[in-house]
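Visitor: Handing you this structure, nothing more for now.
The values are calculated or read from the model by the stated rules, or taken from the named source; none is laboratory data. Predicted model, so just to flag it, every value in this text is computed and none were measured. Note that we place each Cβ from the backbone using ideal geometry, even for glycine, and neighbour counts take in every protein chain shown.
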């Protein structure tokens, strides 16, 4: 710290009789108001071309001051904005109609992205900054995002996506004083550069072939012409809809979900051993060996858990495509790390807010959470060069845009 700064601090302590951290805040608040006031006066001098009490040939002149209450990160304060007779003065430091210089909108949006409710945000702003922000104001600020969300939902997409994941996260939403469960369906694409890209977020109540066909047709309308592999859980109607919208797309049942759904039937004492057995299926070197393992595991556990392995056999056509790929490609498909990390962000919203007041508030929170999560998506998936090369051979001629 140089001598000039030490002198300023000494003068500040003496002038404001600072005894506590709160005194420092009040002092800075007062200095901020005074600094803004001086800068406004300087702006007016520049605008008119002469300082107060000087003679001038211009027809315009000072016309008093108008008090204005503004918000800052140190709290609320009053400033006197100079006026001119011709009303042509346009202040820059605090613009006309601007009442907030704290960046409060960005802070509110950041809190909303973390899942805080309008009431929680209102309370936090008051606690931190010392002025009241109504719940209605918080809603109005976040509602400004709606046109941006709509534009994002309809933005053009790439022509080809090598891999697409679809998953659902469930939330509680209040409607007419009734709480109902709604699913947020997340469509995540891996583009030709191996980078993750959230293609769409849709909030729905009932899965069906009609619903999924509409969602996939929406991707087509936004420019998607081909998807090599689409990985999803057993969403109702998804398989039939893929065959209609993208007839050349390979539907791969999500292995992670398949394992989870199987272990639902298994008691805690057997889960570790059962999961180890299941691993021998999806890590098998070929489909033939994998199916043999499926038969052995079914025989081993059928007596204790008769329903546990039924879905493996009934969905084998959607589970088995993975076996024609190398370990590098399999890892991208069955680990689903790409979408699981995103879903963990969404689940944090559930921990923050047990119930959302409307579909719109949920959509805003999901959009903001997505934006925050995807800021870190700068690098392609690991070993993407090998994966892309293998997919280029397996699906010859389809990866060119």
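Visitor: Out of the residues in the stretch 94-123 that are within 15 Å of the chain's Cα centre (by Cα) and assigned to a loop (DSSP other than H, G, I, E, B), state the one that is farthest from residue 74 (Cα to Cα).
Guide: 115
Visitor: OK, next. Select from the stretch 298-346 the residues that are exposed (fewer than 15 other Cβ atoms within 10 Å of the Cβ) and within 18 Å of the chain's Cα centre (by Cα) and write down the one among them that is farthest from residue 117 (Cα to Cα).
Guide: Step by step, filter the stretch 298-346, then rank; the result is 337.
Visitor: Tell me the helices (runs of 4 or more DSSP H) entirely within the stretch 266-379 that contain at least 3 residues that are within 30 Å of residue 106 (Cβ to Cβ) and either touching a residue at least 40 places away in the same chain (Cβ under 8 Å) or touching a helix residue (DSSP H, G or I) at 6+ places or on another chain (Cβ under 6 Å) (or both). Don't jump to the end; show me each part of the working.
Guide: On the way: elements: 268-282, 287-301, 310-314, 316-319, 327-335, 337-352, 359-374.
By residue number, 337-352, 359-374.
Visitor: Working only within the stretch 191-219, note down all residues that are part of a helix (DSSP H, G or I), over 23 Å from the mean Cα position of the chain (by Cα) and surrounded by fewer than 19 Cβ atoms within 10 Å (Cβ to Cβ). Break it down stepwise before answering.
Guide: If we filter the stretch 191-219 for residues that are part of a helix (DSSP H, G or I), which is where we start, we get 209-219.
If we keep only those that are over 23 Å from the mean Cα position of the chain (by Cα) too, we end up with 209-211, 213-214, 217.
Answer for the stretch 191-219, where residues must be part of a helix (DSSP H, G or I), over 23 Å from the mean Cα position of the chain (by Cα) and surrounded by fewer than 19 Cβ atoms within 10 Å (Cβ to Cβ): 209, 210, 213, 214, 217.
Visitor: Can I ask one more? If a residue must be surrounded by fewer than 16 Cβ atoms within 10 Å (Cβ to Cβ) and over 30 Å from residue 373 (Cβ atoms), how many such residues does the stretch 94-111 contain?
Guide: Qualifying residue count, the stretch 94-111: 5.
Visitor: Something else about it: Looking for something modelled with pLDDT under 85, surrounded by 12 or more Cβ atoms within 10 Å (Cβ to Cβ) and outside any helix (DSSP H, G or I) - is there at least one such residue anywhere in the stretch 11-33? Spell out how you get there, then give the answer.
Guide: Taking the stretch 11-33 as the starting set, the residues that turn out to be modelled with pLDDT under 85 are 11-33.
Subsequent filtering for residues that are surrounded by 12 or more Cβ atoms within 10 Å (Cβ to Cβ) retains 12-13, 16, 18, 23-33.
Going one step further and asking which of them are outside any helix (DSSP H, G or I), we end up with 18.
Yes, because at least one residue in the stretch 11-33 is modelled with pLDDT under 85, surrounded by 12 or more Cβ atoms within 10 Å (Cβ to Cβ) and outside any helix (DSSP H, G or I).
Visitor: Yes or no: the stretch 204-213 includes at least one residue that is within 25 Å of residue 374 (Cα to Cα) and either touching a helix residue (DSSP H, G or I) at 6+ places or on another chain (Cβ under 9 Å) or modelled with pLDDT of 95 or more (or both).
Guide: Within the stretch 204-213, one or more residues are within 25 Å of residue 374 (Cα to Cα) and either touching a helix residue (DSSP H, G or I) at 6+ places or on another chain (Cβ under 9 Å) or modelled with pLDDT of 95 or more (or both).
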